[in-house]
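First comes the structure, then the notes that go with it.
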Amino acid sequence: MSDGKVKAKINDLVIRFANVNGTGSASANFLFTKAIFRMGVPVSPKNIFPSNIQGAPTWYEVRVSEKGYLGRRDGIDFMVAMNPQSMKQDVAAVKTGGYIIYDSTKILHDEFIRDDVNYLGIPIMEMCNKEFSDPRQRQLFKNVVYVGALSALLGIEFDAIEKLVSEQFAGKEKLIAPNVKALRLGSDYAKENFKFKLNIRIERRDLVGDSIMIEGNAACGLGAVYAGATVAAWYPITPSTSVVEAFHSYCDEYRVDKETGKKNFAIVQAEDELSAIGMVIGANWNGARSFTATSGPGVSLMSEFLGLAYYAEVPTVLIDVQRTGPSTGLPTRSQQSDIISAAYASHGDTKHVLLFPSTPTECFNMTVDAFDLAEELQTPVIVMSDLDLGMNEHMTAPLTWDDKRKYKRGKVLTAEQLDKIERYGRFLDVDKDGITYRTLPGTHPTKGAFLTRGTSSDEYAGYTEEPEPYVRNMDRLIRKFNTAKNRVPGPEFLQKKNNSDYAVIFFGTSTPPVLEALDMLKEKGIVLDAMRILSFPFNKAIEDFISSHEKVMLVEQNRDAQMRSLLMIEAGIEPGKILSVLSYDGTPVTADNIFKQINAHLAAKVKTKKTN
Amino acid sequence: MTYIRPKFRHPELPENKIGHSISYYEGVLSTLCAGCGHDSISAAIMQACFESNIEPYRLAKMSGIGCSSKAPNYFLGKSHGFNSVHGRMPSVTTGANLGNRDLIYIGVSGDGDSASIGMGQFVHVVRRNLNMVYIVMNNGCYGLTKGQDSATADIGSISKAGSENHFHPIDLVSLALELGAPFVAQSFSGDKTQLVPLIKAAMKHTGFAFINVISPCVTFNNNVGSTKSYDYVREHIDATGTVDFVPPAKEITAEYEEGTVANVTMHDGSLLHLHKLAKGWDPFDRVSAINAVHNALLKGEILTGLLYINEGSTDLHHLLGTTDTPLNAVPQEKLCPGSEMLKKINAEQV
């Protein structure tokens, strides 16, 4: 136990809460996170939960970082061990010198005792049983008690938590007093019983600026509102469900006509994913912005329709919140493993536009962009989020909207424009960019009508099985895909001076831990060029960056290095040029893991050079 | 079949009230087999649209995959159409309708398309009461893959190759009635007199209108022993009644015996006269309609006509409470909450 003489680490902490699923720990744990955020200290929580409603172990891991690192790092400083079922692994996970808070109502069994960690026993159950009579309250407030104790132990401002409680229960005032009571129980107990100082403290700072905390899925849902989506069709699947739920609640707030009570949106919970994407395609065909959200298994089911949307050139927006596959895999864990299946969803020669957000702010922006891109390119656009991004709160830049921004509806002919055209051809490449002009049903009495279909068509949308028009059409679709290369967001460069012969490439939720790993390397005197991929198709800047380095190390959270394959296939990068840094255990990758793998690649390089 | 469409049209073809002759409602030349029942249904759709004074561009033709689903190409060439994927016409039509509620939606499907791969979507589009006309061109077999039995093939029906079907058929009419479809009809492709007014009424009906049309496959299921052949259907058809469609402006004259005629008022004021022939059947009573269909099936008969109608039906838009303006026409100002609102939303996230 620290005696207070040891210099405390300020605002640098990983704390993990081990709970039983369904015991109401989520809101208490978030209270803890939010209080730290309110103290101006960068903080990042991750839910690690089972595919189960009640009873199974669930974890909530919070990273607190003075330096602003928001990814995961290895080593747990603090464990709130509230689940007997997972006690053994929870105790084992704490690093030497770390702390374990446990419920000391019952004596801790010998097998959970380690000599190199500190135990902070609080008789939580006893206190709750004494103070609360309602069985559900006794259960729920156990979580609030440990948050109260943590506030005293770590120096979190009690006022901040108390204020959060009153905000959380605004409208249900009756619940505020017992919650505050439970907080105080924990706090008082800690103050009275643990009079020594811990070697980890939280101190107020001004490091979060104007950041907000929001989940990626909520940001996607809000993005769809701002993008003017009017039709959403979906089928519930973890971890994407909250995208459409967020869209729904924002629509209820902002899209109901105050005078008539009628809605400027339609949301249908479809019978399955096949139907959901079918509805999206139907609505977009009619010129209503429409989208769906799903995860890998849903993408599999939607593939046939995605091929139709690609070939029939119907704008389609899909938010893919990736989870761990294959098959049902780890349904409530995170991965970046739908890259190939999304890029090539459906049979035949098919390619789709993908966007890779890294933050909720980008979830918002890229969702809006996806609607513009889908209509401009008349093709499916898939936003590749994942569980980590979608279902966790993230500290992120505030969402912004330019009121001058007008939706880009793409090449849609009006009745007046049709009047001026002698003969309209749906698939005529008038502008030589591969993007043709579409018409919406009901536009013109005699001109512009055509049959949309998944079978081969000539330039005038007439059915054809002739080889030449088929090839012409397929070649035009590639021309369109090449046009897309310059319409999608280009890569982001870090340290772009080309000062290293090895470089790092990453995308999506690997970003925060990669940035930390790069700093860890810097501390060792190794500065690497780095690039973040934001979209597919890959534009030239991506190819140039790779070719200007001897080798690139590609960080991705899947087993088969799917982005590497895509770069090899689509950008013609030689296999030996890309070294993989992989992580695929279902938990968000840590900075240490990336650091180690990069180091191993660099060490092998040095070794090879020496051998040479 | 012929591969060249004669260009000649009689210059004095009669015109409807909006100045179009029937030729205005044609599509491209059919590639279905000569004598295919589906072509007769296409012709009935054209006739119904012509007689109903419908501007083709205000109508959308939807379909899935199969011989039937090719049909939209062969009628109403001035309408947009969507030939989607197998069995999924209902979802595409649902989305299309949600996007623009102002068009008339005619979905055309087959027994393979609707009763097998598309069964889930069929069931759910009925359940959602989408405002559309859903026509199944039902021939009991898969024509495009050369004659396999479909899920609507009758038990004991003999295929062209001579094999007997051992499975119970799925009766789409019974299913639609059970699921709560507010307009259910059955007809025969060879009975244009009955089919045309049914299609006209279905287009006027608000909510889901289902018409199952027995449509013999001349190539693969028109043999002796087939229960979906022309001969078999003609021998076993039994009508519930006859249907007259009376447009809103036309004077209504009651020339029918009291008790044998039921008048149905459509939303736009047009009328349906139902001349009842079948006994013990009430077109406004779902249970009665279900019983009538079941009794006919037990006797090996095909009951045709308008089997059930719910005059007060609404539709999916009503259930969802969507605005009267088609969603594809709601301007950006009404859709985007703007930057100030986003600042407020940001403030709620700290």
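A few points about this structure:
- One residue stands out among those in the range A:209-245 that are in a helix (DSSP H, G or I) and open to solvent by 10 Å² or more (accessible area, probe 1.4 Å): the one that is nearest to B:CYS336 (Cα to Cα), which is A:ALA218.
- When the range B:194-229 is filtered for residues that are charged (D, E, K, R) and in a loop (DSSP other than H, G, I, E, B), only B:LYS228 remains.
- The one condition in (1) in contact (Cβ under 8 Å) with a residue 24 or more places away in the chain; (2) assigned to a strand (DSSP E or B); (3) buried (at least 16 other Cβ atoms within 10 Å of the Cβ) that A:PHE141 fails to fulfil: (2)
- Complete set of residues in the range B:48-98 that are more than 23 Å from A:PRO315 (Cα to Cα), surrounded by fewer than 24 Cβ atoms within 10 Å (Cβ to Cβ) and facing chain A (nearest Cβ under 8 Å): B:GLU55, B:GLY77
- Exclusive hit being within 27 Å of A:ILE10 (Cα to Cα) and open to solvent by less than 30 Å² (accessible area, probe 1.4 Å), set A:TYR119, A:TYR99: A:TYR99
- Scan of the range A:529-544 for residues that are hydrophobic (A, V, I, L, M, F, W, C) and either open to solvent by less than 10 Å² (accessible area, probe 1.4 Å) or in contact with a His (Cβ under 9 Å, 6 or more places away or on another chain) (or both), ordered by number: A:ALA530, A:MET531, A:ILE533, A:PHE536, A:PHE538, A:ILE542
- Listed by position, the strands (runs of 3 or more DSSP E) inside the range A:256-352 whose residues that are buried (at least 24 other Cβ atoms within 10 Å of the Cβ) number at least 3 are A:290-294, A:316-322.
- Every condition in (1) within 14 Å of chain B (Cβ to nearest Cβ); (2) under 25 Å from B:VAL85 (Cα atoms); (3) part of a strand (DSSP E or B); (4) among the hydrophobic types (A, V, I, L, M, F, W, C) holds for A:LEU440 except the one numbered (3).
- Yes/no for A:VAL321 being in contact with a Phe, Trp or Tyr (Cβ under 6 Å, 6 or more places away or on another chain) and either more than 8 Å from chain B (Cβ to nearest Cβ) or not acidic (Asp, Glu) (or both): no
- Residue check for A:LYS480: open to solvent by 20 Å² or more (accessible area, probe 1.4 Å), in contact (Cβ under 8 Å) with a residue 12 or more places away in the chain and under 20 Å from A:ILE435 (Cα atoms): no
- If you go through the range A:402-436 and keep only what is closer than 21 Å to A:TRP285 by Cβ and within 14 Å of chain B (Cβ to nearest Cβ), you end up with A:TYR407, A:LYS408, A:ARG409, A:GLY410, A:VAL412, A:LEU413, A:THR414, A:ALA415, A:LEU418, A:TYR424, A:ARG426.
- The set of residues in the range A:241-272 being of a type in the set (Asp, Glu) and more than 10 Å from every other protein chain (Cβ to nearest Cβ) consists of A:GLU245, A:ASP252, A:GLU259.
- Filter result for A:THR446 (touching a strand residue (DSSP E or B) at 6+ places or on another chain (Cβ under 7 Å), farther than 22 Å from A:GLU376 by Cβ and either facing chain B (nearest Cβ under 10 Å) or open to solvent by less than 30 Å² (accessible area, probe 1.4 Å) (or both)): no
- Checking each residue in the range A:577-609 for being outside any helix (DSSP H, G or I) and either more than 18 Å from A:ASP529 (Cα to Cα) or under 22 Å from the mean Cα position of the chain (by Cα) (or both) picks out A:SER580, A:VAL581, A:LEU582, A:SER583, A:TYR584, A:ASP585, A:GLY586, A:THR587, A:PRO588, A:VAL589, A:THR590.
- With respect to the conditions (1) surrounded by 23 or more Cβ atoms within 10 Å (Cβ to Cβ); (2) closer than 25 Å to B:CYS336 by Cα; (3) away from chain B (no Cβ under 14 Å), A:CYS363 falls short on a single one, namely (3).
- Hits in the range B:321-350 (condition: surrounded by 15 or more Cβ atoms within 10 Å (Cβ to Cβ), closer than 30 Å to B:PHE183 by Cα and either within 7 Å of chain A (Cβ to nearest Cβ) or hydroxyl-bearing (Ser, Thr, Tyr) (or both)): B:THR322, B:THR323, B:THR325, B:LEU327, B:ASN328
- Only residues that are open to solvent by 80 Å² or more (accessible area, probe 1.4 Å), part of a loop (DSSP other than H, G, I, E, B) and under 23 Å from B:ASN129 (Cβ atoms) were counted across the range B:285-315, and they come to 0.
Results for (1) farther than 30 Å from B:GLU26 by Cα; (2) charged (D, E, K, R), shown as yes or no for each residue.
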{"site": "A:ALA397", "(1), (2)": "yes, no"}
{"site": "A:ASP431", "(1), (2)": "yes, yes"}
{"site": "A:GLY434", "(1), (2)": "yes, no"}
{"site": "A:HIS444", "(1), (2)": "no, no"}
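- B:HIS318 vs. criteria within 14 Å of another protein chain (Cβ to nearest Cβ), of a type outside the set (A, V, I, L, M), in a helix (DSSP H, G or I) and under 22 Å from the mean Cα position of the chain (by Cα): yes
- Selection count, the range A:273-313, where residues are of a type in the set (Val, Ile, Thr) and within 9 Å of another protein chain (Cβ to nearest Cβ): 3
- Per the conditions (1) farther than 30 Å from A:HIS394 by Cβ; (2) in a helix (DSSP H, G or I), the sole criterion not satisfied by A:ILE107 is (2).
- Scanning the range A:551-576 for residues being touching a strand residue (DSSP E or B) at 6+ places or on another chain (Cβ under 6 Å) and either part of a loop (DSSP other than H, G, I, E, B) or open to solvent by 50 Å² or more (accessible area, probe 1.4 Å) (or both) gives a total of 3.
The values are calculated or read from the model by the stated rules, or taken from the named source; none is laboratory data. Given the structure is predicted, the values throughout are model-derived calculations rather than measurements. Note: ideal-geometry Cβ built from the backbone for every residue, glycine included; neighbour counts use all protein chains shown. Areas reflect the complete protein model, heavy atoms only, side chains present, ligands, DNA and RNA absent. Shrake-Rupley method; radii C 1.70, N 1.55, O 1.52, S 1.80 Å.
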